[in-house]
Amino acid sequence: MMMETMKTPVANVSSVDKGRYKLVAENIIASYDDIVAVKNISMKFKDKAVTALIGPSGCGKTTFLRCLNRMHELTKNAKVTGKVLLDGEDLYSNAVDPIINRRKIGMVFQKPNPFPTMSIYDNVAAGLKLNGINKKNVIDEIVEGCLKMVYLWDEVKNDLKKPGMSLSGGQQQRLCIARALAIQPEVLLMDEPASALDPIATQKIEEMITELKKEYAIIIVTHNMQQATRVSDYTGFMYLGDLVEFGETKQIFENPRNEITAKYVQGQFG
Amino acid sequence: MITIEQRAEFRKHFRYNIGRRLIVDKIIKITVLGCVALAVVPLASIMYEVFTNGVAALSVDFLTQVPGAVGSDEIGGIGPAIQGTLALIGLSCLIGVPIGILGGIFLSEYGNNKYGRTVRFFNDVLAEFPTIVIGVFTFVIIVITIGSFSVWAGSFALSIIMLPIIMRTTEESLKLVPVTYREAGYALGIKRSVVVTRIVLTAAKSGLVTGIMLAVARISGETAPLIFTILGSSQFMTGLDGPIDALPLRIWRLSSLPYDSAQTQGWGAAFILIMMIFAINIGVRYVFLRKRGTSMLKFKMFGGVR
């Protein structure tokens, strides 16, 4: 098969200065039951930049993303091996509680999933209140700040007590992003955050990502190649559980080094 | 690939007898409505029978006084029975609800293993236990030990009857909460126990309330286990360690007496019991589910019962 001849360009991460990168994944192998979804991927993510993961359905993008905040292992019969270093500290070492790490790495899901029984305000405050913060003025400040960051504040400031579910799909997704930002993460993982949204809502989310990039390391899984070119600085192309090519977005889309990458970004298969 | 010719061939297989299909549709609709009507008939006729037979007994005295002496002209009431039933429901809930909900949480969130399956199996067996056996069991281990019939013993027996109902409905309601909410919680770095209690449990609230109400309705009408545990009494409660009366017991006693006035009082007591369960049900739903807005509340109270 073609795949066997390919080399992942970032396989040898250990030699790289880890300090320059916010998040470094080393030799991640992830499986469900006996199916290996991610085959030994190593990748480095820069701070204050957007890295996109693209690839056809079933190539392991989402699984890999879920390994980065230890969500994958919550699935039944799922296994992960390898290392994920956040500022040089391994999230998979036994010394660190996964809960602490999930607070440092926010996650936004494919489908908007606001908590159904909570108001707009409580949805954003959930990660704070349920993690033991009970100073109302602090929570108020964070809720307002986060809703402003996702450009939702002006739309909901008079309806904070309304159920989160009463918002439109695009608003719900921005609410979920605000909820993820509220716990003050350092890295933001986004799993196809705009795939369930219309073009206008998508545009809003993309503008927001560009704005959030100034403060966070953002990793976004997307099926939409235009979206990857619009929002990301770096792009990784995954295929059949391997990281085929990883580099600057411009280079991946305009001058791919790998034959399969070229075919995929030109839209010859998907 | 399917060719154009094949596709034309496939299209021929569809039936175009719209008229006949609309008739079938109508027949099914009428059958379904007919079955609903049939199911409502017993309920409506029981309510009618109970009300018309018992309405003559209803009065303030009937609700507040102690029963009169058997066979005398003295018209008594069912005050102690109402008090006893309320005390039994309250105390049984205090014992049964927390244990039942925690058990349900275990089955749903931590019970996906051999131990969980064993617990689930025996819980289902317990749900089908004859309640008189639970009464005899309670008699042996509590009434004989303490040396008297008591509210405690009655509540213990009734809470055992509640447990499997609450456990199972809690488990099923929790399982209905989509995994995406749990994941959202975990992604916020929230501990598993907090995700379960503050996110999953609140999302499943209406199912939980329904389960508890089913259990309350079930124990309110239990008679057999009470004979062995609270015995019955014609006086108001003196304490949790003495015998008391309860509505199902009183209904049973009154209806086995040969006097017309007693029979009427029995019907009246039955009417009060039904109304009590109805009132508790609506009250609890109102208190726990009102935040969803009025229209939602109406839906949950009258249409949203699983």
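Since every read-out is calculated from the coordinates, none of them should be taken as a lab result. Everything quoted here is computed from the prediction, not taken from an experiment. Counting neighbours? That spans all protein chains shown, and the Cβs are built from the backbone with ideal geometry, glycine included.
Cβ neighbours within 10 Å, averaged per peptide: list B:262-275, A:21-34 in order, most packed at the top.
Highest-to-lowest ranking by the protection proxy: B:262-275, A:21-34.
For A:108-114, what's the mean count of beta carbons from other chains sitting within 10 Å of each residue's beta carbon? Write down the numbers at each step before the final one.
Details: counts 2, 4, 1, 2, 2, 9, 2.
Partner-chain Cβ atoms within 10 Å, mean over residues of A:108-114: 3.
Between the stretch B:81-105 and the stretch B:223-244, what is the C-alpha centre distance in whole Å?
First find each Cα centre; the distance between them is then 16 Å.
Using DSSP to define loop residues, name the chymotrypsin sites (Phe, Trp or Tyr not before Pro) in the stretch A:195-270 whose beta-carbon has at most 10 other beta-carbon atoms within 10 Å.
Answer by residue number: A:F269.
Please give every one of the lysines within straight-line cross-link reach of B:K191, meaning a C-alpha to C-alpha distance under 24 Å, and leave out same-chain neighbours fewer than 8 residues apart.
A:K76, A:K79, A:K83, A:K104, A:K111, A:K129, A:K135, A:K136, B:K175, B:K205
Amide H to amide H under 5 Å from A:M238: which residues, 5+ apart in sequence or cross-chain, H placed 1.01 Å off N in plane?
A:I54, A:G55, A:V244
If amide hydrogens are placed 1.01 Å from N in the peptide plane, which non-local residues have theirs closer than 5 Å to the one on A:N40?
The answer is A:I29, A:A30.
What residue among B:V284, B:V143, B:V125 shows peak mean-square fluctuation when chain B is described by a Gaussian network model with Cα springs under 10 Å?
Per the Cα network of chain B with a 10 Å cutoff, B:V125 tops the list.
Provide the gained length on full extension for the span B:F10 to B:D124, in nm with one decimal, where the gain is 0.36 nm per separating residue minus the Cα-Cα distance. Mind dumping the intermediate values first?
Numbers: separation 114, 0.36 × 114 = 41.04 nm, distance 4.91 nm.
Once the chain is fully extended between B:F10 and B:D124, it gains 36.1 nm.
For the pair B:V133/A:F269, report the inter-label distance in nm, with labels modelled 7 Å from Cα in the Cβ direction.
With each label point 7 Å from Cα toward Cβ, the separation is 6.3 nm.
Mind checking A:71-77 for the average number of partner chain beta-carbons within 10 Å of each residue's beta-carbon?
For this peptide, the per-residue mean of nearby foreign Cβ atoms is 2.
Given a 10 angstrom Cα cut-off, can you work out which residue in A:V36, A:V108, A:V143 is the most mobile in a GNM of chain A?
The residue that fluctuates most here is A:V36.
Sorted by average packing, counted as other Cβ atoms within 10 angstrom per residue and highest first, what order do B:7-20, B:198-211 take?
Per-residue Cβ counts within 10 Å, averaged per peptide and sorted highest first, yield B:198-211, B:7-20.
Return a whole-number percent for the relative contact order of chain A, with Cα pairs under 8 Å and 6 or more residues apart as the contact set.
26
Amide H to amide H under 5 Å from A:Y92: which residues, 5+ apart in sequence or cross-chain, H placed 1.01 Å off N in plane?
A:V84
Any idea how far the Cα center of the stretch B:253-287 sits from the one of the stretch A:84-163, in Å?
Spelled out, the Cα-based centre of one part sits 51 Å from the other.
Between the stretch B:134-152 and the stretch A:27-42, what's the alpha-carbon centroid distance in Å?
Here the answer is 60 Å between Cα centres.
What are the membrane-span-like helices in chain B by this rule: whole DSSP H runs, Cα extent along the axis at least 24 Å, mean Kyte-Doolittle hydropathy at least -1.0?
Numbers: long enough: B:18-54 (54 Å, 1.25); B:79-105 (38 Å, 1.68); B:151-176 (36 Å, 0.98); B:260-289 (43 Å, 1.15).
Span-like helices in chain B: B:18-54, B:79-105, B:151-176, B:260-289.
What's the ranking of A:76-89, B:96-109 by average number of surrounding C-beta atoms within 10 Å, highest first?
The densest-packed peptide leads the list: B:96-109, A:76-89.
In whole Hz, what ³J(HN,Hα) sequence does the stretch A:242-254 give by Karplus (6.51, -1.76, 1.60; θ = phi - 60°), x for Gly and Pro?
10, 8, 7, 8, 9, x, 5, 3, 4, 5, 4, 8, 9
Identify which of B:V136, B:V287, B:V32 has the largest mean-square fluctuation in a Gaussian network model of chain B, with springs joining Cα atoms closer than 10 Å.
B:V32
Run lengths n ≥ 4 of DSSP H only: what is the helix-derived mean residue ellipticity at 222 nm for chain B, with -39500 (n - 2.57) per run over all residues, to the nearest 500?
Taken over chain B, the calculation gives -22000 deg cm²/dmol.
Counting only other chains, and only Cβ atoms inside 10 Å, what mean value do you get across the residues of A:126-132?
5
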